[in-house]
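Note sheet for the following structure.
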Amino acid sequence: MINIKNLYKRYHNHDGSISDWVLKDINLTIPKGMSVGLLGRNGAGKSTLLRLIAGMDNPERGSVERQCRVSWPIGLSGGFQGSMTGRQNVKFVARVHGGGFNVQHIIDYVETFAELGEAFDQPIKTYSSGMRARLNFGLSLAFDFDVYLSDEATAVGDRNFRDKASQAFKDKIGTSSLIIVSHGEAILKELCQAGIYLKEGEASWYDDINQAIAAYHQESGSPSNT
């Protein structure tokens with residue numbers, strides 16, 4: 001279970017100014033075992049909310065309580081050391097987060113899943129954003145989290161890799177759950193039961209993902225297929 005209580009988030013800029021509230025007074029309870037689609041227009045705060053749930057960022061006010069193991073957001077390409085190779089980055093993360101896991105098994109899994117070929121042994125700073133995202137995706141799936149966070153991860157790479165990514169998530173359902181940002185409605189309907197719709201910094205919970213998609217279409221003015 002993940003409890004989000006009275007959460008507010010805004011950013012303090014380098015010039016000393018403060019942004020408007022990106023998220024304001026968010027109160028949500030995400031039940032154990034329920035996969036959730038996160039919807040909203042560009043700039044609505046979807047990636048910010050994922051980072052807060054992951055513990056990668058701190059709220060201005062309020063709290064996020066995690067009663068489960070939560071992944072970092074899959075699909076975000078940051079967090080790697082640019083001068084180290086893909087293999088070295090994976091080895092480092094495996095040692096830090098792996099606990100009793102077999103480090104070599106994690107490295108082998110990521111190398112196979114990410115399909116980077118010789119680039120796996122090249123510095124991360126030479127990677128494209130897509131290559132970084134694929135490495136991040138494979139690294140996340142190499143660990144057994146209770147909840148996987150995904151920020152457009154199924155949109156990475158060519159069609160074959162996107163299909164592979166979608167199948168990997170499907171394989172996790174049953175033992176784990178997802179909180180996923182995606183503009184692909186088909187994947188949201190296939191993987192998620194419930195939805196969170198962000199608008200003007202506020203969050204609405206829907207027990208049915210189709211209702212969340214319909215709310216998004218109502219705001220954008222586009223026709224809904226639900």
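Within segment 48-67, residues that are closer than 17 Å to residue 140 by Cβ sit with their Cβ atoms under 6 Å from residues that are among the acidic types (Asp, Glu) and in a strand (DSSP E or B), at 6+ positions apart or across chains, in these pairs: 50/151. When only residues in segment 180-193 that are assigned to a helix (DSSP H, G or I) and hydrophobic (A, V, I, L, M, F, W, C) count, which is surrounded by the most Cβ atoms within 10 Å (Cβ to Cβ)? Checked segment 180-193; the qualifying residue surrounded by the most Cβ atoms within 10 Å (Cβ to Cβ) is 188.
The requirement of being surrounded by 13 or more Cβ atoms within 10 Å (Cβ to Cβ), at pLDDT 90 or above and over 27 Å from residue 218 (Cα atoms) is fulfilled nowhere in segment 13-32; no residue meets it. So, in segment 128-148, of the ones that are touching a helix residue (DSSP H, G or I) at 6+ places or on another chain (Cβ under 7 Å) and outside any helix (DSSP H, G or I), which residue ends up nearest to residue 112 (Cα to Cα)? Going through the qualifying residues, I end up with 142.
Residues of segment 81-120 that are among the charged types (D, E, K, R), more than 10 Å from residue 142 (Cβ to Cβ) and surrounded by fewer than 18 Cβ atoms within 10 Å (Cβ to Cβ): 87, 95, 115, 118.
Here's the yes/no breakdown for (1) under 30 Å from residue 67 (Cβ atoms); (2) outside any strand (DSSP E or B); (3) in contact with a Phe, Trp or Tyr (Cβ under 9 Å, 6 or more places away or on another chain):
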residue	(1), (2), (3)
105	yes, yes, no
120	no, yes, no
150	yes, no, yes
163	no, yes, no
166	yes, yes, no
171	yes, yes, no
178	yes, no, yes
195	yes, no, yes
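Taking segment 1-103 and the strands (runs of 3 or more DSSP E) fully enclosed by it, the elements with 1 or more residues that are at positive phi are at 2-9, 23-30, 61-66. The residue list 100, 78, 62 contains one member that is over 18 Å from residue 177 (Cβ atoms) and modelled with pLDDT of 90 or more, which is 62.
The values are calculated or read from the model by the stated rules, or taken from the named source; none is laboratory data. Computed from a predicted model, the values in this text were never measured in an experiment. Positions of Cβ are backbone-derived with ideal geometry, glycine not excepted, and every protein chain shown enters the neighbour counts.
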